[in-house]
Amino acid sequence: MSGFYVLNVPEFSSLVDAARNSGRCKVHPKRGHYQFVEFENEVEILRRDTQMKEAVWYGCLTGGLDGKIAHFDSDRLKLVATNEPILGLDGN
């Protein structure tokens, strides 16, 4: 499994919502200042679905990523799973 970490601030909440609504992600409960969004294979999120301003959009992966970026521009984010172990998800 792979995923990305979203900073728990209002500016990024719509990103978590868009990931959840994609049907391809499992959104884990918040831990500290972050929320982990897990996906299998690949996930694509469109900026228009998040209604994020472009400057905030480009910061959406600053929390971290367990996976690979296949595409990231002002309109679309596509992430691909690496199927490597997820660091820190087990609480360690």
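The values are calculated or read from the model by the stated rules, or taken from the named source; none is laboratory data. Everything quoted here is computed from the prediction, not taken from an experiment. Reconstructed Cβ throughout: ideal geometry from the backbone, glycine too, with neighbour counts over all protein chains shown. The accessibility values were calculated without ligands, DNA or RNA, using every heavy atom of the protein model including side chains. Shrake-Rupley method; radii C 1.70, N 1.55, O 1.52, S 1.80 Å.
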Subject >> Radius 12 Å from Cβ of MET52, net charge of other residues (Lys, Arg +1; Asp, Glu -1) >> reply: -2
Original post:
How much mean residue ellipticity at 222 nm does the chain get from its helices, if each DSSP H run of length 4 or more adds -39500 (n - 2.57) and you divide by all residues, to the nearest 500 deg cm²/dmol?
Top reply: -4000 deg cm²/dmol
Subject >> Lys, Arg +1 and Asp, Glu -1 on Cβ, resulting dipole of the chain about Cα centre, debye, nearest 20 >> reply: 180 debye
Original post:
In region 1-53, carbon and sulfur make up what percent of the accessible area (probe 1.4 Å)?
Top reply: 46 percent
Subject >> Nonlocal Lys pairs with alpha-carbon distance under 19 Å, the chain (8 or more apart, or different chains) >> reply: 4
Subject >> Directionally averaged shadow of the chain, computed from the convex hull of its alpha-carbon atoms, nm² >> reply: 5.3 nm²
Original post:
Shape of region 21-62 from its Cα gyration tensor (a ≥ b ≥ c, root eigenvalues): rounded if a/c is under 1.5, otherwise prolate when a/b > b/c, or oblate?
Top reply: oblate
